[in-house]
Amino acid sequence: MSIVFDASLDAQVGQFLGDVDDLVDAQYKNAGKAEKLISLVSSKERPVKENSIAFLAFANQLPQNKDAAREAGLIPVFLGLLSEPTLAESVSMVKHASMGLMFLANHSDVNKQAIEQAGGLEKIFDVLRYLLAYLKATDVKKEDVINTVSHTLNLVIIMASLAPIREKMGAVPYFIVLQNYLTYQNESVDVQNQIVEKALSAVNNVCLHKENKDNARVAGCIEAVMQLFKSSKVQIVDSAIRMIYNMTIIDANREAIRRCNGLESLVSILNQQDAIRLIALKAISNMAVDRQTIEYVMQNKDTVLQPILDLFPLDKNEQIFDQVLVVLQNLVSEDSLIEEVSRTGILSKIIPSIKGMPLQNTTQQSILLKSSCIISGLVTIEDVQQSAINEGIIEILIDLIKYQSVDIRKEAARSLANATPYYDDVRGEVGKLGGVPLCLDLLLSSDKEVVKQAARALVNLARNTQNEEMIYEAKGLEHSIRLISQGEKDLKMLGTKLLVNLSLNEKARISFCQKGGLTIVLGLLTSPDQELQLQGTKIATNLAISGRNRKLINESMPDFVPAVQRLVQSSSAEIKTQAEVAISNLSFPYEKSYEGLDFGLEEVPEFQVSQSFYEHEEDDDEDEEDKEAAQQQRIQEEEEMRVAAENEIQERKRIMEEEVKRIEQRRKQEEERRAKEEEERKVEETRKQEEERLKQLQEDMERVRLEEEEKKRVLEEERKRQEEEDRLVAAAQHLAEQEKAAATKEAHDRQLRLAKEDEERKKKEDEEKKRREEEDKKKKDEEERKKREQEEAAKKAREEEERRIQQEEEDKLKLMQQEILAREEDVKRKKEEEEHRRKKEEEQRRLAEEQRRAQEAQDKASQEAAKAAQEASRAQKRTHIVQEIVQVEVNYVRNLGLIVKKFLNPLTSAAASKRPILTADKIKAIFSIVEIIHNFNSMLADGLQSRVKRWLADNKKDHLLIGDIFFKTTDFMTVYSTYINNYNNAIKTYKESRANNVPFVQFIRKVEADPELRDQELENLLITPVQQLPRYVMLLSDLIKTTNEDHPDYKSLVVALDKIKGVTSYVNERKRDAEDAMTMISIHQNLHGKLPNNFLAPHRKFVKEGTIQFGSSSGSFKDKDPVVFLFTDMLMMTIKHPNKPNEYKYRYSVMLTSSTTVEDFPRINNGFLVKGAQWWMFSCTSAQEKQQWVESINKCITLLPKSSPSSSTTSVPSK
């Protein structure tokens, strides 16, 4: 296989070899043309050598020579010319040698390997190093040097395309050479850009090998490339940003980029075209994978982060939008800095941009998913949670859950779970916007993670009263049971927590037990997992609030109570405590039967107590016939009004349904029209794209034709030039020997001049051609952009108009629905009022008629009739008092529930957060055991309501008994002592917190504005448990007054009243003891000096204090500002502290015993003596004060126990 030449080059080579035949060695006379040229490379004649190298280099343009050239040994020949001596001799030879190697390397990987194996890498970079000096020299032909640099850099680019060679090219010295070219400057911008662009491509290719990136950094390439962002040539900026993007996968490179303000440089090119912006954002997102970059970004928010946020709104450029979200998502990923990130306003940029975004392609899905992830991270910050409603976060999360993408729904559910752990108003907003049914639907997903996140959200949402009701009505019990039955522990735990919250609902806990849920709870109680045991005890505690549940558990589940009792011995203190509460609830009394009591609590009549219930009204003497006629007429008129109102409602409903159908029909037509327009638009776009493609194809064909013609013309000129040279050579042969060299030089100069002219002409033609193509492309892009903008504006206006019309129609429908509902409610209310009034009047008439007939039939029995009427009135009063007791208890439990749900639970949740509103200690101080009291009274209210329901269900045929309920529950009332003893401290802590804690004040105001509180304030609610025991005493006393002694409820009521009075006395005594103990502690804290060791003895109580003078029997009154304290067994003498108000310095004390006496001491004004082991004299300001002190001391001595010590002790502080 031998090297071949194309037709035109073959002729030139033949001519050249004929001219220099005498210089060819004898051994190559019969060799091929290529062999002869190779032999001439070592010629001493420089023109011959230059032409030979040039012909060999151009021959390698032909791909068929790729193997022949290598086998002929051209690679070592070319490499041998890449040296400093050759450069000094002729830059042209080095240029053609580089060009030849470039052609060979480009044709095959085998040639690349051969070049590398021949030591080519070292030679290539050496010659590049030498060429740097030549670029700066003034005595060389710059054009040849620039072309040589260009060919050599192209060779580097091609060699770096092969992985094994690329790995070897990553040495630091090689990168230093390339770095020098990256920073090359030339007065000609075009030349500078040409060299820099090739050097940048070379660095990019070499850095494709990961390990080479470190050496590139060491060589300073990163700083050099960053400077190229300022280039005026778009291609250079694009290549530079791609280079930096590739470098950012290495930690050390990211650090280097940060050091040289690389992030600011990356941000500075975000105003470039979209392709560059996209790569710049990718580089920034790579940078933001480590904490150091995130910290840097947050420290330089104005210069780095803000320009990124300024790119919003990005809803029209989805790829850029998606990449911006990648950057922001990386910022949010750093937990320790996420709070600072949340304050940058990221969400205020993202939420408007994704609101209403369709899900039609993968980019939109990626945008929505990343947005969900960012929101999920940021809503873990409490400030974000607090503003979640106002910022529209909750609304957008509800919208995200509605998308069909599993990943988006999963992240949206996670965000809802993260947003709702602490603040009840946020949970309420989720419920109002329809988030509860959406989360319940997610529980049916086949994706376990979706189910888990939805369950997390529901556990939080169920802590809101309205949401709790919604979850129950939407079969929340079934969902929680399904979760508990899952194998995964996480889902099982979430199911139990959801069930704990649902079991606070009366309907839910009864329904759960009726559906066999107790077996599930028993399984939790007997589980080996302590977490499940704890949840089981909480569920059992809540279920036992309902009497029918307690009956079912105690009578039908023999293993249930023992299972709870075993947990009282648990090693976990929390499980032990909860199990004890559950046992207490389960032991609470319950009804014997609940059959026929299936109506809900809302059906129990709300008893309205008024003074008329306790007053006896005389019979009315009005004419019965007139009253009946008026009554009938009124009933008829109201019936006509009711029918007219119902007809109006039906008519409005019919109009509304027709309006809905019309709107739906128009909406469908609009959707069909829109779909048709969209289809036409797509067809039109396809047609235009096809036309553009054909036009581009024609342009490409025309360009190929022109290039072919240009090539032919160039070959023709080359042929003519060669003929001219041949003619000149022939003429020169006839000249003398001394003229031969001059002629050869002249031919060579002419050849170089012609070549230069050809290159300049080609360059100008290429530039002109490229300029025309760029102008055509810009013009076409501008037209297309304007057209798209017009179409988008028209489409947007059309959609806005459609939305406006649709909104108006929906508002109109809502208004109609509200009017219909209001009308229906009004008719229903009037009907109920009229029915109630009619029944009452009928009952009154019936009673009056019976009394009248009884009076007429038996005048002698008038006294008995009066007595019977009195008994009936007494019985009616009793019934009303019972009803009032039940209603008072229901209202009381409701108020306790408000304290727990609206105040205690949210504050407790916030206390577990990073920014608690109140500390756990202060919450405990304010609310004490109100939750336990609520639990107890919920069961009491349930028992009373069940008893009333039973009485109503039996048509009032038996006596209404409630005494036994109070009798059985009085033992539980002792828990009130803890709350009442703490009440003063609770109010003090509450007021101090309101005075000093702004977040607490804001929280209280916000909750107290809730309509559910009915204008009640927390301070007023907190006193209700203190008032409840006296209220029981008052109500039961009134009930006993209206209950005959032979009534079956009388004895139970009397015993219950006595027990409640005993409990009240016990509670009051405990309260006094607590107050006395607090007084002693307060005095002790305000005393300074060496006090008696047993000063805070349990039996000692404070009696009184006063500013009276004191002194020993041997001294006088020396102490200024004296204060004497009297305790049950001690007199203590102190003086006011000179520097601390309301504090005292201890001086002396004397113990009181049964042998201590108090005597009058007339020697001093209003004086008396206290005699014991030592005498003490005291002087008061008045005789009345003296008498009070003497009486108090004598009373204390009288009340001392007989076993008290017989001697008194005086303690004097050390000086």
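All of 852, 845 fail the test of being over 26 Å from residue 668 (Cα atoms) and in contact with a helix residue (DSSP H, G or I) (Cβ under 8 Å, 6 or more places away or on another chain), apart from 845.
Let's see how each residue does on (1) in contact (Cβ under 8 Å) with a residue 24 or more places away in the chain; (2) touching a Gly at 6+ places or on another chain (Cβ under 7 Å); (3) not in a helix (DSSP H, G or I):
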site	(1), (2), (3)
428	yes, no, no
441	no, no, no
445	yes, no, yes
450	yes, no, no
454	yes, no, no
457	yes, no, no
466	yes, yes, no
469	yes, no, no
479	yes, no, no
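Taking (1) farther than 20 Å from residue 1182 by Cβ; (2) of a type in the set (Phe, Trp, Tyr); (3) touching a residue at least 40 places away in the same chain (Cβ under 8 Å) in turn, residue 1102 satisfies each apart from (3).
Pairing residues of the range 521-541 that are assigned by TED's automatic domain parsing to the domain that holds residue 583 with residues that are of a type in the set (Lys, Arg), at Cβ distances under 8 Å and at least 6 apart in sequence or on separate chains, gives 529/489; 532/492; 535/497.
Tell me yes or no: at least one residue of the range 193-208 is outside any helix (DSSP H, G or I), among the aliphatic types (A, V, I, L, M) and surrounded by 18 or more Cβ atoms within 10 Å (Cβ to Cβ). Scanning the range 193-208 turns up no residue that is outside any helix (DSSP H, G or I), among the aliphatic types (A, V, I, L, M) and surrounded by 18 or more Cβ atoms within 10 Å (Cβ to Cβ). Taking the conditions exactly as written (crowded, with 17+ Cβ neighbours inside 10 Å, of a type outside the set (S, T, N, Q) and assigned to a strand (DSSP E or B)), does residue 1110 satisfy them or not? Judged against the criteria, residue 1110 is a match. Taking the conditions (1) assigned to a helix (DSSP H, G or I); (2) at pLDDT below 75 in turn, residue 756 satisfies each one other than (2).
Number of residues in the range 178-192 that are touching a residue at least 40 places away in the same chain (Cβ under 8 Å) and not in a loop (DSSP other than H, G, I, E, B) equals 7. Look at (1) farther than 29 Å from residue 247 by Cβ; (2) not in a helix (DSSP H, G or I) and you find that residue 344 fails only one, number (1).
Residues checked against (1) within 32 Å of the chain's Cα centre (by Cα); (2) part of a loop (DSSP other than H, G, I, E, B):
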site	(1), (2)
909	yes, no
914	yes, yes
923	yes, no
943	no, no
949	no, no
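When 548, 566, 463 are screened for being surrounded by fewer than 23 Cβ atoms within 10 Å (Cβ to Cβ), assigned by TED's automatic domain parsing to the domain that holds residue 445 and either among the basic types (Lys, Arg) or at positive phi (or both), only 463 passes. If I filter the range 1-42 down to residues being of a type in the set (D, E, K, R) and either part of a helix (DSSP H, G or I) or not assigned by TED's automatic domain parsing to the domain that holds residue 97 (or both), which single residue comes out as farthest from the chain's Cα centre (by Cα)? The extreme case among them is 22.
For the range 925-967, the candidate set comprises residues that are of a type in the set (D, E, K, R) and buried (at least 17 other Cβ atoms within 10 Å of the Cβ); within that set, the residue that is farthest from residue 984 (Cα to Cα) is 950.
Read through the list (1) at pLDDT 90 or above; (2) crowded, with 23+ Cβ neighbours inside 10 Å; (3) within 26 Å of residue 520 (Cβ to Cβ), then give the number of the only condition that residue 427 fails. Against the list (1) at pLDDT 90 or above; (2) crowded, with 23+ Cβ neighbours inside 10 Å; (3) within 26 Å of residue 520 (Cβ to Cβ), residue 427 comes up short only on (1). Test residue 372 against the stated conditions and say whether it is in contact (Cβ under 8 Å) with a residue 12 or more places away in the chain, over 23 Å from residue 292 (Cα atoms) and within 19 Å of the chain's Cα centre (by Cα). Yes, satisfied. Residue 389 fails exactly one of the following numbered conditions: (1) in a helix (DSSP H, G or I); (2) within 14 Å of the chain's Cα centre (by Cα). What is the number of that condition? Of the numbered conditions (1) in a helix (DSSP H, G or I); (2) within 14 Å of the chain's Cα centre (by Cα), the odd one out for residue 389 is (1).
For the range 761-807, filtering for residues that are surrounded by 11 or more Cβ atoms within 10 Å (Cβ to Cβ) and over 30 Å from residue 703 (Cα atoms) leaves 10.
Taking helices (runs of 4 or more DSSP H) that do not extend beyond the range 70-117, which have at least 1 residues that are of a type in the set (Phe, Trp, Tyr) and closer than 13 Å to residue 50 by Cα?
Details: elements: 74-81, 84-89, 91-107, 109-117.
Output list reads 74-81.
Scanning the range 401-429 for residues being touching a Lys or Arg at 6+ places or on another chain (Cβ under 6 Å) and under 25 Å from residue 904 (Cα atoms) gives a total of 2.
Got at least one residue in the range 43-60 being outside any helix (DSSP H, G or I) and touching a Phe, Trp or Tyr at 6+ places or on another chain (Cβ under 8 Å)?
Yes, that holds for at least one residue.
When you check residue 434 against the structure, is it within 20 Å of residue 900 (Cα to Cα) and surrounded by fewer than 24 Cβ atoms within 10 Å (Cβ to Cβ), yes or no? Criteria not met by residue 434. Looking across the range 569-587 at every residue that is closer than 19 Å to residue 967 by Cα and surrounded by fewer than 22 Cβ atoms within 10 Å (Cβ to Cβ), the one that is farthest from the chain's Cα centre (by Cα) is identified as 587. Out of everything in the range 1162-1204 that is polar (S, T, N, Q) and in a helix (DSSP H, G or I), what residue ends up being surrounded by the fewest Cβ atoms within 10 Å (Cβ to Cβ)? The residue in question is 1198. The conditions of being assigned to a helix (DSSP H, G or I) and buried (at least 24 other Cβ atoms within 10 Å of the Cβ) are met by residue 494. Which members of the range 371-397 meet the condition of being of a type in the set (A, V, I, L, M) and closer than 18 Å to residue 459 by Cβ? Once the filter is applied, which keeps residues that are of a type in the set (A, V, I, L, M) and closer than 18 Å to residue 459 by Cβ, the range 371-397 yields 379, 388, 394, 397.
The values are calculated or read from the model by the stated rules, or taken from the named source; none is laboratory data. Keep in mind that what you see is a predicted model, and the values were worked out from it rather than measured. For neighbour counting, all protein chains shown are included, and Cβ atoms are generated from backbone atoms with ideal geometry for every residue, glycine included.
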